[in-house]
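These notes are about the structure you will find just below.
The values are calculated or read from the model by the stated rules, or taken from the named source; none is laboratory data. Keep in mind the model is a prediction, meaning the values are calculated, not measured. Virtual Cβ from ideal backbone geometry, glycine too; neighbours counted across all protein chains shown. Protein only, heavy atoms only, side chains kept; ligands, DNA and RNA dropped before computing areas. Shrake-Rupley method; radii C 1.70, N 1.55, O 1.52, S 1.80 Å.
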Amino acid sequence: MEKSCTLLIHFDKGTPAIANEIKEALEGNDVSAKVDAMKKAIMLLLNGETLPQLFITIVRYVLPSEDHTVQKLLLLYLEIIEKTDAKGRVLPEMILICQNLRNNLQHPNEYIRGVTLRFLCRLNETEIIEPLIPSVLQNLEHRHPFIRRNAILAVMSIYKLPQGDQLLVDAPDMIEKVLSTEQDPSAKRNAFLMLFTCAQERATNYLLTHVDRVSEWGELLQMVVLELIRKVCRTNRGEKAKYIKIIIALLNSPSTAVIYECAGTLVSLSSAPSAIKAAANTYCQLLLSQSDNNVKLIVLDRLNELKSSHRDVMVDLIMDVLRALLSPNLDIQRKTLDIVLELITPRNINEVVLLLKKEVVKTQTGELEKNGEYRQMLIQAIHSCAIKFPEVASTVVHLLMDFLGDSNVASAIDVVVFVREIIETNPKLRVSIITRLLDTFYQIRAARVCSCALWIIGEYCLSLSEVESAIATIKQCLGDLPFYSASEEGEATDASKKTPQASSITISSRRPAVLADGTYATQSAASETAFSPPTIVQGSLTSGNLRSLLLTGDFFLGAVVACTMTKLVLRLEEVQPSKVEVNKATTQTLLILVSMLQLGQSHVLPHPIDNDSYDRIVLCMRLLCNTGDEIRKIWLQSCRQSFVKMLSEKQLRETEELKAKAQVSHAQPDDLIDFYHLKSRKGMSQLELEDEVQDDLKRATGEFVKDADDANKLNRILQLTGFSDPVYAEAYVTVHHYDIVLDVTVINRTKETLQNLCLELATMGDLKLVERPQNYTLAPESSKQIKANIKVSSTETGVIFGNIVYETSNVLERTVVVLNDIHIDIMDYISPAVCSDTAFRTMWAEFEWENKVAVNTVIQDEKEFLNHIIKSINMKCLTAP
């Protein structure tokens, strides 16, 4: 059997001390050497050494020491040594210790008395404790509170021993007297704790007789009172009304720990709106008053729980929760925004958006290094507000468009995606958004933002003036043609002749670069710049931003420019009556496209244009020279239709997620319904009446019935032994993140009592048993539930195997029943989740996490194959179909 351990100390077994060295140090007169030797001895004992030869040395040379540190270490040593023999009888040499302990309990020094009383709390041997009881009881009346509080704890632990109630028959009486006269807050708390654990009736009586003075008690005692209230109300829900009054009174306590516990207790006991509101207000108050970020995060977790169960109460407190954004910590800000976004209603949307706008403006001026990330979170929050309530979009869209040229690329991308969605969902804002976009286009510095903005310009510039100013803006941002001069090309050619091998030197130490679509590019020294992180240039009116980006070799952007210009010219043909103007625009566009191709094939750039972009630009040139009606329809209408379809699918997905989150409740048709209006209301407070109503509502709507998926439960029950075995066992396996819980039901099928029945488990693979289940005695034909916890340390598949071992009275040896193996599959840990495209790209760039797996399949269709993979690996596809 494993021993119970009350002491844990980290010990590095580098060079373990030798018993003889320790012995010599203990026999000497040097106190500091004695202290070191005692520490070494304790460390060795904790690590499984026995050191029997030290005991007599310690009794002779350490017991008489007057040094406090030595005495404290002596008590720790006594705490961990074996005090009994193999049959459980106390060793005879422990009598030597008893006399010393009695002397310590009557020692003139308070510290020695106190630590000795504390030591007695850890002793389980009644033979050693019994002679010490009179001395312990004397200390209950000592003048010093340190001794009294430890004496109370000693009485409590003695009373809790198996024969403790015989050793100290009247302990609860004594402690109750102590409680009524005690003045020291810590001793008073210990006395109340003793009554709470050993004589709960007395504790509740004491509490109810002093109910008016609870708010004056010390913080420690108030915490134990709340613990008692929770325990009493769990066992007897009918009595909770009188205790809730105490909790409400304690909510005004000056101690933050007490009011935090009060709020938690209120929520667990009552679902009355006034109680929930009081708890939520308390949490909001803590959120603002506490400076510790960990405390804020914990309080936000509590508010999040309230939000899911009592949303209507939380909606009123949304502005109080939002004040947590004042904290500079990103985790707190993220959590706060997550909570708030689910509490938005038509009533509070304007206030919330106004505050978010103020915060966005603040991020421009502040000097904090995390401002960019915080701004990105705010932009995403405003985005989701505008999607839920389109009427607020007009108030925020122009403010956010100032950030299209933001140096933080992620937040600029968020803004442009937001603008793209709003311009489609709010047709009224189209003209103002297009005008603003054309005015600020030159400030955009990131290639990805430019591509998205160009798509918007190509799709939503509809009138003649818009199309003309769009063409002019793009031309201005491209600058003068051609993109390079002949002299530059000459220099570049000479340089390439000098180093002819440059293009073929592969740098192998770098991992393959990931392109925007998630595919790989093999990097060579010459094309090192091709797939580097997103290029940012300083946009200005003199040298256009598009020109600068093209000169870094970004031909994907070049292809987007080509498509946008082509769309604009096709639209110009529809809205411009003058053929001359149209032809002029067409020729200018063709000139731009040809210049881009020339740049791509010249030696000015370190690498040539890629095939995809080349094909795309050539296609645009062909279109401009010769367009049919079908092609025109595809270019001017189909793109927009695909985008609309994508938005509607996204909304559909979001509503499905919300439905999945909502709790489904089922009421049984024969459930009892109390008619609240027909009840006697004598002596019931307002809070109790509210609670009754809430309970009835829950009963009527079936919220008490947590609909467990019974069919799934049955699938996870595994039979461990055969039906003809003397012991039948089956396990219900629950996998939660990195924990596996085995709930094993063991049934004694025989007609005799099984003694010392033990479930012995072992694991293979990366699974680790957390604790060993204890021994049980099973009466004939009775059953027992045994829980075993297993930790998972990696995603490998593991196996749990084991036996059930027991003894019967008439057979001497132990009987073993071998159990079936339980296979834990990695698929149990995987559950489908959602991840935004940008978040996925960020993670993809950070982690090196792909493993190539060769797959043999008979499936011919890619879509079918994708669906097959998604189903097999229990995941979700990142993008909509």
Taking the options Val419, Val321, name whichever one is in a helix (DSSP H, G or I), at pLDDT 85 or above and in contact with a Cys (Cβ under 8 Å, 6 or more places away or on another chain).
-> Val321
Boolean, Val178 is among the hydrophobic types (A, V, I, L, M, F, W, C) and within 20 Å of Val258 (Cβ to Cβ) | no
Inside the range 617-664, can you point out the residues that are in a loop (DSSP other than H, G, I, E, B) and either of a type in the set (A, V, I, L, M, F, W, C) or free of Cβ contacts under 8 Å to residues at least 24 places away in the same chain (or both)?
-> Asn626, Gly628, Ala662, Val664
Taking Arg699, is it open to solvent by 90 Å² or more (accessible area, probe 1.4 Å) and either more than 30 Å from Ala833 (Cα to Cα) or modelled with pLDDT under 75 (or both)?
-> no
Considering only residues that are among the charged types (D, E, K, R) and modelled with pLDDT under 90, look in the range 228-271 and name the one that is least open to solvent (accessible area, probe 1.4 Å).
-> Lys240
Quick one: how many residues across the range 848-867 are of a type in the set (Lys, Arg) and part of a loop (DSSP other than H, G, I, E, B)?
-> 1
Any chance you could count how many residues in the range 421-441 are buried (at least 19 other Cβ atoms within 10 Å of the Cβ) and within 20 Å of Thr473 (Cα to Cα)?
-> 5
For the range 743-759, enumerate the residues that are in a strand (DSSP E or B) and hydroxyl-bearing (Ser, Thr, Tyr).
-> Thr745
Across the range 102-134, the tally of residues that are in a helix (DSSP H, G or I), in contact (Cβ under 8 Å) with a residue 12 or more places away in the chain and open to solvent by 30 Å² or more (accessible area, probe 1.4 Å) stands at 8
Exclusive hit being at pLDDT 85 or above, surrounded by fewer than 14 Cβ atoms within 10 Å (Cβ to Cβ), out of contact with any strand residue (DSSP E or B) (no Cβ under 6 Å at 6 or more places or on another chain) and within 30 Å of Asp414 (Cα to Cα), set Lys863, Lys876 | Lys863
Could you pull out every one of the helices (runs of 4 or more DSSP H) wholly within the range 135-208 that has 1 or more residues that are without any contact (Cβ under 8 Å) to a residue 40 or more places away in the chain and in contact with an Asp or Glu (Cβ under 7 Å, 6 or more places away or on another chain)?
-> 145-159, 185-198
Please tell me if Ala845 is open to solvent by less than 50 Å² (accessible area, probe 1.4 Å), within 30 Å of Lys876 (Cβ to Cβ) and outside any strand (DSSP E or B).
-> no
Where Asp301 falls short, out of the listed (1) over 21 Å from the mean Cα position of the chain (by Cα); (2) open to solvent by 10 Å² or more (accessible area, probe 1.4 Å) = (1)
Among the residues of the range 385-393, is there at least one that is within 21 Å of Lys567 (Cβ to Cβ) and not acidic (Asp, Glu)?
-> no
Residue that is farthest from Met621 (Cα to Cα), among those in the range 560-591 that are open to solvent by 10 Å² or more (accessible area, probe 1.4 Å) and under 54 Å from the mean Cα position of the chain (by Cα) | Arg571
Looking only at the range 178-194, count how many residues are among the aliphatic types (A, V, I, L, M), under 42 Å from the mean Cα position of the chain (by Cα) and either modelled with pLDDT under 90 or more than 12 Å from Glu227 (Cβ to Cβ) (or both).
-> 3
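I need the full set of residues from the range 385-405 which are over 21 Å from Arg640 (Cα atoms) and open to solvent by less than 20 Å² (accessible area, probe 1.4 Å), in order please.
Cys385, Val392, Val396, Leu400, Met401, Phe403, Leu404, Gly405
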Conditions: (1) buried (at least 21 other Cβ atoms within 10 Å of the Cβ); (2) out of contact with any Asp or Glu (no Cβ under 9 Å at 6 or more places or on another chain); (3) farther than 21 Å from Ile349 by Cα. Ser411 meets all but one. Number of the miss?
-> (2)
Please find, within the range 457-502, the residue that is most open to solvent (accessible area, probe 1.4 Å) out of those that are modelled with pLDDT under 85 and among the polar types (S, T, N, Q).
-> Gln501
